[in-house]
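Okay, structure first, notes after.
The values are calculated or read from the model by the stated rules, or taken from the named source; none is laboratory data. Keep in mind it's a predicted model, so treat the numbers as computed, not measured. Cβ coordinates were reconstructed from backbone atoms using ideal geometry, including for glycine residues, and neighbour counts include every protein chain displayed.
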Amino acid sequence: MNSEPTPGAAPPREPRLAALPTPAVPAEACYAMWTAERACCCPARPAVIALLPPGPGRDHSTDLLLCGHHYRRARHALDAAGAAILDETGRAVLPQAIALLGAG
């Protein structure tokens, strides 16, 4: 066996770890909502964006596109987790607007 490098061959590369996803940003999350055909939770169109803060085992924020039904079911858990809830324009969802989500 020859220990000489093969001419023209690329040098071996060190393995790299996959990059972590970038933190969620409201403007980017809104773009994802506008272009999404379905929510993260089911085949329905997304009604809100839940921006979850960093947590144990996750050093970055993340976003979830939720349909109105699944948001209404999970809103107390999302509130306990400190999630910010945004509508399709990037504005915070007010408590009195919850019943209207996904109605349009």
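Some points to look at:
- Output for region 81-96, where each listed residue is in a strand (DSSP E or B) and either buried (at least 16 other Cβ atoms within 10 Å of the Cβ) or not small (G, A, S) (or both): A84, I85, L86
- Among the residues of region 49-80, just one is in contact (Cβ under 8 Å) with a residue 40 or more places away in the chain and among the polar types (S, T, N, Q), namely T62.
- Checked against (1) assigned to a strand (DSSP E or B); (2) of a type outside the set (V, I, T); (3) modelled with pLDDT of 90 or more, D63 passes all but condition (3).
- Residues of region 59-80 classified as buried (at least 16 other Cβ atoms within 10 Å of the Cβ) and of a type outside the set (G, A, S), total: 11
- The residues on offer are A10, A50, A32, and the sole one that is modelled with pLDDT of 65 or more, out of contact with any helix residue (DSSP H, G or I) (no Cβ under 9 Å at 6 or more places or on another chain) and closer than 15 Å to T89 by Cα is A32.
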